[in-house]
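> Could you have a look at this structure, given as structure tokens, before my questions?
The values are calculated or read from the model by the stated rules, or taken from the named source; none is laboratory data. Owing to the predicted nature of the structure, the values given are computational and were not obtained by experimental measurement. Cβ sites come from the backbone with ideal geometry, for glycine too, and all protein chains shown count toward neighbours.
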Amino acid sequence: MGTKGREIVGLDVNKVLELLNKAFADEWLAYYQYWLGAKVVSGPMKDAVIAELMQHAADELRHADMVSNRIIQLGGAPLTTPKKWFDFTNCGYDSPDNSFVQNILQQNIKGEQCAISVYHAMIGEVGLKDPVTYNMAVQILQDEVEHEEDLQALLEDLDVLMKK
Ligand code: FE
Ligand code: FE
Ligand code: MG
């Protein structure tokens, strides 16, 4: 823990750590949801969808890395067991029981919309009282906004294809 780095946080550090661990749980669940979705997805435009899902899985894992680094910088501990992901998550987990491409896309769009709300709220809560967490949340939010748009564009292409 960097003492000066922690001292400049003008908020209850434990509150910030709770927000961060909740986001950390979301990122792991999002990673797994994308990773598994890419394995099982079926239907038209499957190859394009798999490529996008795999890219997003890699991004979610990178987000988990960014969030855990910030937790450690603030003197906290990232959740120590996967079981705790379900106790802390904001956005939950949708299992790809229906592997049809439209279902997988819709499930992940829902997840991205939740992630956008979570990071938007985090940015509002920490504000400039914790500029390092703020900057991390802005960077992740930019990715989540891009993810939502990528998936919605794929869904639109699929709708066009299936109306023919
Ligand atoms: Fe993410
Ligand atoms: Fe995402
Ligand atoms: Mg993408």
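> Regarding the range 2-23, can at least one residue be identified that is modelled with pLDDT of 95 or more, under 13 Å from the mean Cα position of the chain (by Cα), within 16 Å of ligand 3 (Cβ to nearest atom) and under 30 Å from Leu128 (Cα atoms)?
Within the range 2-23 (the criterion being modelled with pLDDT of 95 or more, under 13 Å from the mean Cα position of the chain (by Cα), within 16 Å of ligand 3 (Cβ to nearest atom) and under 30 Å from Leu128 (Cα atoms)), the answer is no, since none of the residues qualifies.
> Next question, about the same structure. Can you name the condition, by its number, that Asn135 falls short on among (1) within 16 Å of ligand 2 (Cβ to nearest atom); (2) part of a helix (DSSP H, G or I)?
It is condition (1) that Asn135 fails.
> Taking Ala58 as meeting all but one of (1) among the aliphatic types (A, V, I, L, M); (2) away from ligand 1 (no atom under 16 Å from the Cβ); (3) modelled with pLDDT of 95 or more; (4) surrounded by fewer than 14 Cβ atoms within 10 Å (Cβ to Cβ), write down the number of the exception.
(2)
> Would you mention how many residues in the range 56-68 are more than 12 Å from ligand 2 (Cβ to nearest atom) and touching a residue at least 12 places away in the same chain (Cβ under 8 Å)?
Counting residues in the range 56-68 that are more than 12 Å from ligand 2 (Cβ to nearest atom) and touching a residue at least 12 places away in the same chain (Cβ under 8 Å) gives 3.
> Same structure, new question: Mind checking which residues of the range 17-55 are within 13 Å of ligand 2 (Cβ to nearest atom) and surrounded by fewer than 16 Cβ atoms within 10 Å (Cβ to Cβ)? Walk me through how you get there before you give the answer.
Going residue by residue through the range 17-55, those that are within 13 Å of ligand 2 (Cβ to nearest atom) are 23, 26-35, 37, 52-55.
Of everything in the range 17-55, those that are within 13 Å of ligand 2 (Cβ to nearest atom) and surrounded by fewer than 16 Cβ atoms within 10 Å (Cβ to Cβ) turn out to be Met54, Gln55.
> For the range 29-127, give me every one of the helices (runs of 4 or more DSSP H) that falls completely inside it and has 1 or more residues that are of a type in the set (Asp, Glu) and closer than 30 Å to Val160 by Cα. So that I can check it myself, show each step before the final result.
On the way: elements: 46-73, 83-88, 101-126.
It comes to 46-73, 101-126.
> Test each condition in (1) at pLDDT 95 or above; (2) within 25 Å of Tyr134 (Cα to Cα); (3) out of contact with any Leu (no Cβ under 6 Å at 6 or more places or on another chain) for Ser95 and report the one that comes out false.
Here Ser95 meets the rest and fails (2).
> Would you be able to say whether some residue in the range 72-90 is surrounded by 16 or more Cβ atoms within 10 Å (Cβ to Cβ), modelled with pLDDT of 95 or more and either out of contact with any helix residue (DSSP H, G or I) (no Cβ under 7 Å at 6 or more places or on another chain) or charged (D, E, K, R) (or both)?
No; the residues of the range 72-90 include none that is surrounded by 16 or more Cβ atoms within 10 Å (Cβ to Cβ), modelled with pLDDT of 95 or more and either out of contact with any helix residue (DSSP H, G or I) (no Cβ under 7 Å at 6 or more places or on another chain) or charged (D, E, K, R) (or both).
> Name every residue in the range 106-136 that is more than 11 Å from ligand 1 (Cβ to nearest atom), of a type in the set (A, V, I, L, M, F, W, C) and without any contact (Cβ under 8 Å) to a residue 40 or more places away in the chain, in order of residue number.
Of everything in the range 106-136, those that are more than 11 Å from ligand 1 (Cβ to nearest atom), of a type in the set (A, V, I, L, M, F, W, C) and without any contact (Cβ under 8 Å) to a residue 40 or more places away in the chain turn out to be Ala121, Ile123, Leu128.
> Across the range 8-28, which residue is nearest to Ser117 (Cα to Cα) among those that are among the aliphatic types (A, V, I, L, M) and in a loop (DSSP other than H, G, I, E, B)? Step through it out loud before you land on a result.
Quick first cut of the range 8-28, residues among the aliphatic types (A, V, I, L, M) only: 8-9, 11, 13, 16-17, 19-20, 23, 25.
Next, only the ones that are in a loop (DSSP other than H, G, I, E, B) stay: 8-9, 11.
Values: Ile8: 26, Val9: 23, Leu11: 21 Å.
So the residue we want is Leu11.
> Run down Ser95, Ser99 and say which single residue is within 15 Å of Gln33 (Cα to Cα), touching a strand residue (DSSP E or B) at 6+ places or on another chain (Cβ under 7 Å) and more than 14 Å from ligand 2 (Cβ to nearest atom).
Details: Ser95 fails: touching a strand residue (DSSP E or B) at 6+ places or on another chain (Cβ under 7 Å).
Step by step, each of Ser95, Ser99 is checked, and only Ser99 is within 15 Å of Gln33 (Cα to Cα), touching a strand residue (DSSP E or B) at 6+ places or on another chain (Cβ under 7 Å) and more than 14 Å from ligand 2 (Cβ to nearest atom).
> Ok, one more. Within the range 118-155, can you find the residues that are of a type in the set (S, T, N, Q) and either surrounded by 14 or more Cβ atoms within 10 Å (Cβ to Cβ) or under 16 Å from His56 (Cα atoms) (or both)?
Within the range 118-155, the first condition is being of a type in the set (S, T, N, Q), and the residues that meet it are 133, 135, 139, 142, 152.
Matches in the range 118-155: Thr133, Gln139, Gln142, Gln152.
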